[in-house]
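The values are calculated or read from the model by the stated rules, or taken from the named source; none is laboratory data. These numbers were taken from a predicted model, which means no experiment stands behind them. As a convention, Cβ positions derive from the backbone with ideal geometry for all residues, glycine included, and neighbour counts pool all protein chains shown.
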Amino acid sequence: MALPWKLHGDGRTVPHDEIVLPEERLSWWRTIGFGGQHVVAMFGATFLVPLITGFPPSTTLLFSGLGTLLFLLITRNRLPSYLGSSFAFLAPIGAATASAGQQVALGGVVIVGALLAVVGLVVHFTSTRWIDVLMPPIVSGAVVALIGFNLAPAAKTNFESSPVIALITLFAIILTAVLFRGLLGRLSIVVGVVIGYLAAVLAGEVDFAPVADAAWVGLPQFTTPVFDPMFLPIYLMFLPVVLALIAENVGHIKGVGQLTGRNLDALTGRALFADGLATVVSGVGGGSPTTTYGENIGVMAATRVFSTAAYWVAGITAILLGLSPKIGAVIFTVPTGVLGGVTTALYGLIGIIGVRIWVENRVDFSKPKNQLTAGVALIMGIADFTLSAGEMTFNGIILGTVAAIVIYHFMAAIGKWRGTDDSARVPATERLRSAKTKGMQAR
């Protein structure tokens, strides 16, 4: 790993026709400033996951910072990325917490992280070809979309708890996204939360008592996961998230590679392993699962600074924030009405990431195999189909994911046998462009 970083030019400016590469940096004061921008970009989405799931916010911030540093070490300082909270876990975490408690949900998080790390090792020592075969764009898009749309009932519940505050929050998000470009436009979720929060304060819906009682400095709350065979159906419910995380990481690598003019495919295995390991570490301590963040790609695209030094600054800053219980207490004062507006937009955006995968890979929906793959999977996910087999119960996410994979490959095999399958043989990872590339706030 190249430490210290090579100084780019005079360390002060970036000419319009140049970029600051991952192994380079500007002056340390400017690097600290860019690191601060990355903290702002990740903060809104990162704190929303613990706010929605009930996980301790300070713990999540601490482990997101540690996970980011771990990611940079494992990828040898060559892949700039911030590991924030993953929204792909929201549905299984919510279901697991409601039925068996937070510790069992953390067990599912750790299992997914471990599986992703194993996938990373396999990819590192083989190639990404098997991912292309298993998850063509129609399948990966369907899985990502159904994970987002499966959360619609939760958004409805939050929204109806305080419709006026929810509407103010949602309108602020929409207005910010349409009025502003650049970093502020990408932070529309954060702006919406701030405006909705202020409206809730004026309406007397915020209780500041827990903030006054919290210490400024101290260790966050740690929770240990539970692993018990009796909860196997719940753990299985988490497994489809692995496919979404693979798609997110591949999209991140492609996006950074495109912006820097480099082929970073060789880092795919390391990135998957690092994200998986960071999720395991976070889950063991009671923090939210992690993933690479598109918001931070947006910052890099706007500033043309891809220095991993800025991400070290961001990771260290997040760790310091995580060591302040008062910050966590402030985050927890956000009322459900604000969450109603945010989740209505956010869950929809998660679903649209899947749709965007289809669009950017030019999926042909005139083909029956694509129509049925997406259609059946989405219906199962949105309606949250359940299937019981003895003591095991499978929900809409796992049933929809299995349906997408089985239907596509079954119909493709029949088509090849009959000679009617004329689909283009284009590897999924060669054209996969996650919405994260342009800094979409959803995860």
Taking Gly9 as meeting all but one of (1) within 16 Å of Thr290 (Cβ to Cβ); (2) without any contact (Cβ under 8 Å) to a residue 40 or more places away in the chain; (3) among the small types (Gly, Ala, Ser), write down the number of the exception.
(1)
Scanning the range 244-293 for residues that are outside any helix (DSSP H, G or I), over 22 Å from Glu23 (Cβ atoms) and either at pLDDT 95 or above or touching a strand residue (DSSP E or B) at 6+ places or on another chain (Cβ under 9 Å) (or both) gives Gly287, Ser288, Pro289, Thr290, Thr291
Of these, Ala318, Ala309, Ala302, which one is part of a helix (DSSP H, G or I), within 26 Å of Gly11 (Cα to Cα), of a type in the set (A, V, I, L, M) and at pLDDT below 80?
Ala302
Taking the range 126-143, which residues are surrounded by 17 or more Cβ atoms within 10 Å (Cβ to Cβ), at pLDDT 85 or above and within 24 Å of Ala274 (Cβ to Cβ)?
none
Among the residues of the range 244-267, which ones are buried (at least 24 other Cβ atoms within 10 Å of the Cβ) and not β-branched (Val, Ile, Thr)?
Ala244, Leu245, Ala247, Glu248, Asn249, Gly251, His252, Gly255
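Tell me, please, whether a residue that is closer than 22 Å to Leu219 by Cα, among the hydrophobic types (A, V, I, L, M, F, W, C), in contact with a helix residue (DSSP H, G or I) (Cβ under 9 Å, 6 or more places away or on another chain) and surrounded by 19 or more Cβ atoms within 10 Å (Cβ to Cβ) can be found in the range 94-103.
Pass one, the range 94-103, residues closer than 22 Å to Leu219 by Cα: 102-103.
Adding the requirement that they be among the hydrophobic types (A, V, I, L, M, F, W, C) leaves none.
Checking the range 94-103: not a single residue is closer than 22 Å to Leu219 by Cα, among the hydrophobic types (A, V, I, L, M, F, W, C), in contact with a helix residue (DSSP H, G or I) (Cβ under 9 Å, 6 or more places away or on another chain) and surrounded by 19 or more Cβ atoms within 10 Å (Cβ to Cβ).
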Could you tell me whether the range 271-292 includes any residue that is over 21 Å from Val241 (Cα atoms) and buried (at least 24 other Cβ atoms within 10 Å of the Cβ)?
no
Residues of the range 56-114 being outside any helix (DSSP H, G or I) and more than 27 Å from Ala383 (Cβ to Cβ), which ones?
Pro56, Thr75, Arg76, Asn77, Arg78, Leu79, Pro80, Ser81, Tyr82, Leu83, Gly84
Would you confirm whether any residue within the range 194-208 is closer than 27 Å to Met300 by Cβ and modelled with pLDDT under 90?
yes
Regarding Val123, is this residue among the β-branched types (Val, Ile, Thr), under 21 Å from the mean Cα position of the chain (by Cα) and either over 18 Å from Tyr293 (Cα atoms) or surrounded by 16 or more Cβ atoms within 10 Å (Cβ to Cβ) (or both)?
yes
Look at Phe55 and say whether it is in contact with an Asp or Glu (Cβ under 8 Å, 6 or more places away or on another chain) and either surrounded by 24 or more Cβ atoms within 10 Å (Cβ to Cβ) or more than 19 Å from Tyr293 (Cα to Cα) (or both).
no
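Name the single residue, out of those in the range 361-386 being closer than 30 Å to Val193 by Cα and touching a residue at least 60 places away in the same chain (Cβ under 8 Å), that is surrounded by the most Cβ atoms within 10 Å (Cβ to Cβ).
Checked the range 361-386; the qualifying residue surrounded by the most Cβ atoms within 10 Å (Cβ to Cβ) is Gly381.
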